[in-house]
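Colleague: Have a look at the structure that comes next, please.
The values are calculated or read from the model by the stated rules, or taken from the named source; none is laboratory data. Small disclaimer: the values here were computed from a predicted structure and weren't measured. Because the Cβ atoms are built from the backbone with ideal geometry, glycine has one as well, and the counts that use them run over all protein chains shown. Side chains are part of the model used for accessible areas, which takes the heavy atoms of the whole protein and leaves out ligands, DNA and RNA. Shrake-Rupley method; radii C 1.70, N 1.55, O 1.52, S 1.80 Å.
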Amino acid sequence: MRRIGLIGGLSWESSAEYYRIINQAAQRRLGGLHSANCVMLSFDFAEIEALQAAGDWAAATQRMALAARQLAEAGAGCIVICSNTMHQMADAVQAAAELPLVHIADATAQPILQAGLQTVGLLGTRFTMQQHFYRGRLGERHGLNVLIPDEASCAAVHDIIYNELVRGEVRAESRREYQRVIEQLAAAGAQAVILGCTEISLLIKPADSALPTYDSTELHALAALDWALA
């Protein structure tokens with residue numbers, strides 16, 4: 001089994017999900033007492049969030065690139081960024097580590113394409129929903145038509161992530177707000193919705209959604225294990 005290098009703490013709530021999903025899947029696939037060979041570098045998310053809020057993506061990229069090099073030095077054979085938003089600097093991270101990077105957008109797109117879907121809604125941080133790095137990869141590399149909520153709904157989705165989910169707070173009223181936004185995307189023509197922030201699956205389960213859901217956290221974690229066992 002090859003060693004997975006995880007950049008976590010983005011937030012730790014979702015990093016714990018990555019660790020759980022990867023190891024539970026390894027045990028199911030290999031049996032016995034098997035678990036995954038992995039190493040994680042976990043940030044203090046308050047420091048990263050401050051850089052995000054300030055728009056200092058250059059400094060954030062430097063921090064992420066250093067983490068990738070440290071994982072390479074720890075024997076990792078690939079890099080997994082445990083965050084959708086921080087894939088903004090995926091190319092720089094991969095170059096710094098000189099290792100393959102398991103990209104979250106690619107892992108998420110694969111089962112959507114296998115299901116024969118073309119138009120999907122995207123929920124995530126404002127950065128993920130509105131900037132090109134994520135939507136562009138889904139469209140240009142995988143041919144998906146990606147819809148996002150209106151400005152007010154984008155703000156609500158973003159604020160719930162940063163004010164609640166990264167703190168481990170799961171509120172019924174926030175679930176209802178996400179359900180409203182998903183219904184809005186369905187009315188706009190979305191055939192499914194990508195849970196494109198690694199904390200959203202703490203709030204929205206498949207039964208909560210008017211559309212089929214594609215959980216980027218689970219799909220990314222399983223893609224990392226696929227790499228390790230290939």
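Colleague: Using a basic spin-label model with each label point 7 Å from the Cα along Cα→Cβ, how many nm lie between Thr119 and Asn163?
Modeller: For Thr119 paired with Asn163, the spin-label model returns 3.2 nm.
Colleague: Here's another thing I want to ask about it. Would you work out which of Gly168, Asn23, Ser42 lies farthest towards the positive end of the dipole of the chain? Charges go on Cβ: Lys and Arg +1, Asp and Glu -1.
Modeller: Asn23
Colleague: Let me ask you something else. If I fit a long axis through the Cα atoms of helix 172-187 and take the longest principal axis of the Cα atoms of the chain, what angle between them do I get, 0 to 90°, rounded to 10?
Modeller: Result, in degrees: 70.
Colleague: In the chain, what percent of the accessible surface is made up of carbon and sulfur (1.4 Å probe, ligands and nucleic acids excluded)?
Modeller: 49 percent
Colleague: Now, a different point. Counting only helical runs of four or more DSSP H residues, what would the 222 nm mean residue ellipticity of the chain come to if each run contributes -39,500 (n - 2.57) and the total is spread over all its residues?
Modeller: Counting only the DSSP helices, I get -17000 deg cm²/dmol.
Colleague: Same structure, new question: If R₀ is 25 angstrom, what is the calculated FRET efficiency for the pair Asp150 and Arg63, using the beta carbon separation as r and rounding to 0.05?
Modeller: Efficiency for this residue pair is about 0.15.
Colleague: Let me ask something else. Rounded to the nearest Å, what's the spacing between the alpha carbon centres of segment 188-206 and segment 83-159? Just the number, please.
Modeller: Taking the Cα centre of each part, segment 188-206 and segment 83-159 sit 12 Å apart.
Colleague: Taking only Cα atoms, what is the 0 to 90° angle, nearest 10, from helix 216-229's long axis to the longest principal axis of the chain?
Modeller: The angle comes out near 30 degrees.
Colleague: Looking at Thr108, Thr128, Gln191, which one has the Cα that reaches farthest to the positive end of the dipole of segment 108-195 (charges on Cβ: Lys, Arg +1; Asp, Glu -1)?
Modeller: After comparing all options, I get Thr108.
Colleague: Tell me, what is the per residue accessible area of segment 96-230 in Å², probe radius 1.4 Å?
Modeller: Here the residues of segment 96-230 average 40 Å² of exposed surface.
Colleague: Can you give me the accessible area per residue for segment 1-67, using a 1.4 Å probe, in Å²?
Modeller: The answer is 50 Å² per residue.
Colleague: Give the accessible area for Met89 in Å² (nearest 10); use a 1.4 Å probe, count only protein heavy atoms, and leave out ligands, DNA and RNA.
Modeller: My reading of the accessible area for Met89 is about 10 Å².
Colleague: With charges set only on the Cβ (+1 for Lys and Arg, -1 for Asp and Glu), what does the dipole of segment 1-58 come to about its Cα centre, in debye to the nearest 20?
Modeller: 640 debye
Colleague: Could you check the simple spin-label distance between Arg141 and Asp208, using points 7 Å along Cα→Cβ, in nm with one decimal?
Modeller: 2.8 nm
Colleague: Still on this structure: May I ask you to derive the relative contact order of the chain, considering only C-alpha pairs under 8 Å and at least 6 residues apart, and to give it as an integer percent?
Modeller: Reported as a whole number, the value is 24 percent.
Colleague: Same structure, new question: At q = 0.12, 0.18 Å⁻¹, what is the log10 ratio I(q)/I(0) for the chain, with the Debye formula run over Cα points and no solvent?
Modeller: -0.62, -1.40
Colleague: Order 82-88, 142-148, 55-61 from most to least packed using the mean count of other Cβ atoms within 10 Å.
Modeller: 82-88, 142-148, 55-61
Colleague: What is the percent of Cα-Cα separations in segment 178-230 that go past 15 Å?
Modeller: 49 percent
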